[in-house]
1. Please determine, by comparing only the residues of the stretch 228-268 that are closer than 25 Å to V530 by Cα and without any contact (Cβ under 8 Å) to a residue 24 or more places away in the chain, which one is surrounded by the fewest Cβ atoms within 10 Å (Cβ to Cβ).
2. Only one of (1) of a type outside the set (F, W, Y); (2) crowded, with 18+ Cβ neighbours inside 10 Å; (3) away from the ligand (no atom under 16 Å from the Cβ) is not met by V323, so which one is it?
3. Could you check, for the stretch 181-201, whether at least one of its residues is among the basic types (K, R), under 21 Å from T409 (Cβ atoms) and either out of contact with any strand residue (DSSP E or B) (no Cβ under 7 Å at 6 or more places or on another chain) or surrounded by 18 or more Cβ atoms within 10 Å (Cβ to Cβ) (or both)?
4. Just checking, does the stretch 452-463 include any residue being surrounded by fewer than 24 Cβ atoms within 10 Å (Cβ to Cβ), more than 20 Å from the chain's Cα centre (by Cα) and not β-branched (V, I, T)?
5. β-branched (V, I, T), within 18 Å of V14 (Cα to Cα), touching a strand residue (DSSP E or B) at 6+ places or on another chain (Cβ under 8 Å) and away from the ligand (no atom under 15 Å from the Cβ) - does that describe any residue in the stretch 349-365?
6. Looking for something more than 16 Å from the ligand (Cβ to nearest atom), closer than 23 Å to L475 by Cα and touching a Pro at 6+ places or on another chain (Cβ under 9 Å) - is there at least one such residue anywhere in the stretch 399-412?
7. Being within 30 Å of E343 (Cα to Cα) and either within 16 Å of the ligand (Cβ to nearest atom) or out of contact with any Asp or Glu (no Cβ under 6 Å at 6 or more places or on another chain) (or both) is true for just one of I100, I122. Which residue is that?
Amino acid sequence: MPYTPELKKLIKIVEKTRPERVEKKRRGEEFPAVSLKEREEMLKYHPDFQEEGRSEIKVGPNKGYRIANEFVNLVHAKSRVDPELIDLTNPEYETDVLIIGGGGAGTAAALMAREQGVKVLIATKLRHGDANTMMAEGGIQAAIKSEKDSPYYHYLDAIGGGHFKNDPDLVETLVTQAPEVMAWLEKLGAMFTKFDDGRMKALHGGGTSRKRMHYAGDITGAEIMRTIRDEAKNHPDDIKVLEFSPAVELILNDKGACAGAVLYNLETEEYIIVKAKAVVMATGGSGRLHIQDFMTTNHYGATGDGVIMGYRAGVPIKFLHTVQYHPTGAVFPEQAEGLLITEKVRAAGANILNIDGKQFVYEREPRDVEASAFIRECTVRGKGVPTPTGKFGVWLDSPMIDILKGEGTVRNEFPGKWILFHRYGIDITKEPMLVYPTLHYQNGGLEINNKGETVVPGLIVGGEVSGGLHGENRLMGNSLLDVMVYGRIAGITAADYAKKKYKAGKLTLDHVRKYNKALELAKIELNGRVAPMVLPDYSNPDVRKKQLTTKYVGTIR
Ligand code: MEZ
C-alpha cells in the first residue's frame, strides 16, 4: 500500500527540513549523542524498565528472578510430553551429536562437529535455515586487517554496549575469534560486499568506535546461512537433517547427563525419540512471544523453546530480564509491520525525525537508548507520526543516502528493502520510511562458559539461546558473529564430549516429573498451559472457542 494522502502531506515537512540536514551531514555536524546521565533518563521509557511487564519465576534454578511475563508463562507451564506415556527404550534415531535448531548456530556447530569426525543429526522446527540468522540484514562485526581497529576495541565496544555487565570471558572469545570466522566464511564461499581492490567494506553500527561492520548488501544473514547450509548439504552421510521436527523435551540419563531429545513431527504429529552422546541447543530467540505486545523482526519459529527445555533440565538463565527492541521496525505498510529496517540505513546517513520533520536523537545511539528515544517521542511527547491503523512511528529519512552518497547507493546497498517497499508502491530513494521499535533479540538465555558448556554434562549451548555474552544490550552485528563463533565452538565441544567424556546410561524423563512436581508445590495455576510453545498462535480467540479441537490450548496468545 503506498503512503496515504495524509502521510504524503507529512512527508512534505520532511522534504522541507532535508536540505539543511544534508548540509549539516556534509559538514560532519551530527546531532549530539546523549550523555551517560541522559542515557539513564531515556532508558526509563524502555520496555525493560516497565515493572508491570515482568513477574517472578517461582520454580527452578532462577526462583525469584523477574523476567518478562510472557517468558514466565512458559516457565510456569507443563511439558508437552507426559513422561508416563513416552517409551524411551526404542529410540528412532541414535547419533553422536544431536543439534537442536537448524539456523546459523546449529549449522555452524554441525560443520565443526563433523570436522572432528562424529556423526551429526540436526533437528529443526521448520526448514533447514528458517531462522533469525537468515533474516539478519546489516552485518557482522569483526576487527580485521585494519591499523585503526583490533579485537581490543571490539571488546571495549561490546562491553560498553552491554552496560559493563557482559561475561568478560565470553566477550574475549567472541572478539578474538571474529577474524578467523570471517576467513572461514569466505573460504566456504560467502560473498561479502567489497571494494574493487578486494578489501571488505565496513561501516559503523550503533555503539561502535570503529568501522567494523562487514556486510553482504542488506541480506548478510541470508548470505551466511546460504553458505553454511550448502556446506552442510555437501556432507549428507555425516550431517542428517530432520525438518519440521522441533524438539519438545530434552532427555537425560540416569547419570544426570543430557542424552537426547523428544522431537515432535509437525506433519505426522508423532513423537520421535533421539538418543545422542551429546546435545547442542541452538534454538535461537523468542521474538514471537511478542513481549509487551511489541511487533517482531523474528522468524515464525522464534518462540524461546530452547530456554524452556534447558531450564527444565536444570540450566540457569542469565540476562533474560533484558530484551532488545530494534529501533527501526517497519510500521507502514501494515503488511510489513515489525519487519527489520537495518541499522545500516542509519549508518549510511539517514536521519530520524518526528512529525515536525525535526531530529530528536542521534541516529547511532546504542539500540536500547535509540529505541527508548522513539518510544518517548511517540508516547510521551506526542510527536509521533500517526499511521492509518492508529499506531505511531517516526521517519527514517532514507532519501538522504542517495543525496549524500550518490544516486544508486540505496538500490545497491539495500536491495532487499528497496524491492520490498517498491512492491508496496513506496520508493525509499524518494520517500522516507515510517518506523517504530520492534522486538528483535533475546539478550539473555541459558548460562554457558566460553566452550558453550552448561551445568548439565553433555548439553552444550550456542547462539541466541545463550545468555551472558551481550550483557544487558547487544550491539549490532554481534549476533551474526555470536552464532558463528559460539555455533562453531558448540560443535567442537559436543564432538569432544561425545568422543572422550560420554558415558552410556539409562534414558529418563525424571527431570520433567520433578519439574511438574515443583509447579504443583508452588501452586501455580497452569490454566492448561504447556511449553515449549513451538509455534505462535495468531488465530482469533473468539473463533478458537468455537473450534472442536483444542490442539493448541497450551499456546499463550
Ligand atoms: O545485529 C543485528 O541485529 C543487525 C545487524 C541488525 C540490523 O540492523 O541489520
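No value in this document is a laboratory result; all are computed from the given coordinates. Not measured: the values here are computed from a predicted model. Heads up, the Cβs are rebuilt from the backbone with ideal geometry, glycines too, and the neighbour counts pull from every protein chain shown.
1. Of everything passing the filter in the stretch 228-268, E267 is surrounded by the fewest Cβ atoms within 10 Å (Cβ to Cβ).
2. The single condition V323 does not satisfy is (3).
3. yes
4. yes
5. yes
6. Restricting attention to the stretch 399-412, the residues satisfying the condition of being more than 16 Å from the ligand (Cβ to nearest atom) are 399-400, 402-409, 411-412.
This time we only want the ones that are closer than 23 Å to L475 by Cα, so: none.
Checked the stretch 399-412: no residue is more than 16 Å from the ligand (Cβ to nearest atom), closer than 23 Å to L475 by Cα and touching a Pro at 6+ places or on another chain (Cβ under 9 Å).
7. Testing whether each residue is within 30 Å of E343 (Cα to Cα) and either within 16 Å of the ligand (Cβ to nearest atom) or out of contact with any Asp or Glu (no Cβ under 6 Å at 6 or more places or on another chain) (or both) leaves just I100.
For every residue, the table says whether it meets (1) among the charged types (D, E, K, R); (2) part of a helix (DSSP H, G or I); (3) touching a Phe, Trp or Tyr at 6+ places or on another chain (Cβ under 9 Å).
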position	(1), (2), (3)
G463	no, no, yes
E472	yes, no, yes
L481	no, yes, no
A495	no, yes, no
A504	no, no, no
D537	yes, no, yes
